[in-house]
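Some notes on the structure that comes next.
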Amino acid sequence: MQRRPVGGSGLEVSRVGLGTMTWGEDTSPADAADQLKAFADVGGTLVETAEDYGAGAAQQVLGGLLRGTVRRDDLVLAGRGTTVGAAEPASRSALLRSLDDTLRRLGTEHLDLWQFPGWDPRVPLDETLSAVQVAVYSGRVRYAGLVAPAGWQLATVAGSAAAGPDPAVCRPVSAQVEYSLLAREPEAELLPAARHHGLGLLAWAPLGRGVLTGKYTDGTPADSRGASALLASYVEARRTEHSARIVQSVLTAADGLGTSPLSVALTWVRDRPGVASAVVGARDAAQLRASLAAEDLVLPAEIRTALDDVSDPV
């Protein structure tokens, strides 16, 4: 699998990443092990996790796999901690405690990318950036990134970090945000801001929460996320009339190219300007391999243009 730099930093990641949102809940430890092995076998490196995935269950499962299924040093671990909007402000104390809890569950001494959770108006930005500085200086973190910022928030954080006492340490290198043919809002402000400030985009839900695979065209399969009590509402939010037109275009493109709708949708996101990696989640290894099969696909210019037009949010 090809690798890309994350923004203007020295960090490199596989251009498709592995998400762990359902691990420990809808995805069993055995299925998670099969996924991680299949991902690493093709050269995948970026593995994304968060402490609120299954209330820490996903990180515990991943931590167990790092002690036998794959070598820790072969992966780029991207971890996310305390969620903004929680009862406790995202203070320096809370952020560093959350980081330590993540490291404990994963059984590792450091995160390659620590994605601190966006913007908390209750906490001075200088305090948030000081937590990043402490985390890097202590060896617990290699690089820092942002989670779902608005464009102005990204610019403010990047500007404050650049003006601080140690910009090389505190400057975020990435922004993680939902981005797909069904969710192109980041193109309005976030992507231009990220490019201007040298941040790479980590695109999550690149398959439109599964809707772009076409599996929901004729209903809800019993073994799909849309039928899961945990994720039904998450998927349903992308099942609209507008989405249906986009899905049909993806199906038409896939038929013409002799490939899967999944591959078309994933490739569209993966190769957008500014995207460092598209992070996919899967129920099992077979489903993940379907995503990994898109590695060699290149969308012809006319198909990319047609998909751009039909999915244009304007």
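Here, each number is a calculation from the coordinates, and none is a lab measurement. Every value quoted in this text rests on a predicted model; they were computed, and no experiment measured them. Glycine also receives a Cβ, built like all others from the backbone with ideal geometry; neighbour counts cover every protein chain displayed.
Odds and ends about this structure:
- Percent of beta bridges antiparallel (DSSP, the chain, rounded to nearest 5): 10
- Ordered by the count of other Cβ atoms within 10 Å of each Cβ, fewest first, W119, W152, W114 give W152, W119, W114.
- Among the listed values (1) 0.96; (2) 1.68; (3) 1.06, the one computed from these coordinates for Cα Rg over 2.2 N^0.38 Å is (1).
- Among beta bridges identified by DSSP and lying wholly in the stretch 1-139, the antiparallel ones come to about 20 percent.
- For the stretch 275-289, the Karplus equation 6.51 cos²θ - 1.76 cosθ + 1.60, evaluated at θ = phi - 60°, returns couplings of 7, 8, 7, 9, 9, 10, x, 8, 6, 8, 5, 5, 5, 5, 4 Hz by residue, with Gly and Pro reported as x.
- Rounded to the nearest 5, the antiparallel percentage of DSSP beta bridges internal to the stretch 162-314 is 10%.
- Put a plus charge on the Cβ of each Lys and Arg, a minus charge on the Cβ of each Asp and Glu, and nothing anywhere else: the dipole of the chain about its Cα centre is then about 440 debye.
- Inter-centroid distance (Cα atoms) of the stretch 56-129 relative to the stretch 292-314, Å: 34
- Dipole of the chain [Lys/Arg +1, Asp/Glu -1 at C-beta], most positive-end residue of G219, A175, A150: A175
- Helix content alone sets the calculated 222 nm mean residue ellipticity of the chain: runs of n ≥ 4 DSSP H residues at -39500 (n - 2.57) each, divided across all residues, give -12000 deg cm²/dmol.
- Distance between the C-alpha centres of the stretch 11-28 and the stretch 147-186: 21 Å, rounded to the whole angstrom.
- By the Cα gyration tensor, the stretch 1-47 has an equivalent ellipsoid whose semi-axes, rounded to whole angstrom, run 24, 12, 6 from largest to smallest.
- Positive end of the dipole of the stretch 30-169 (Cβ unit charges, origin at the Cα centre): among A30, A78, L99, the Cα lying farthest that way belongs to L99.
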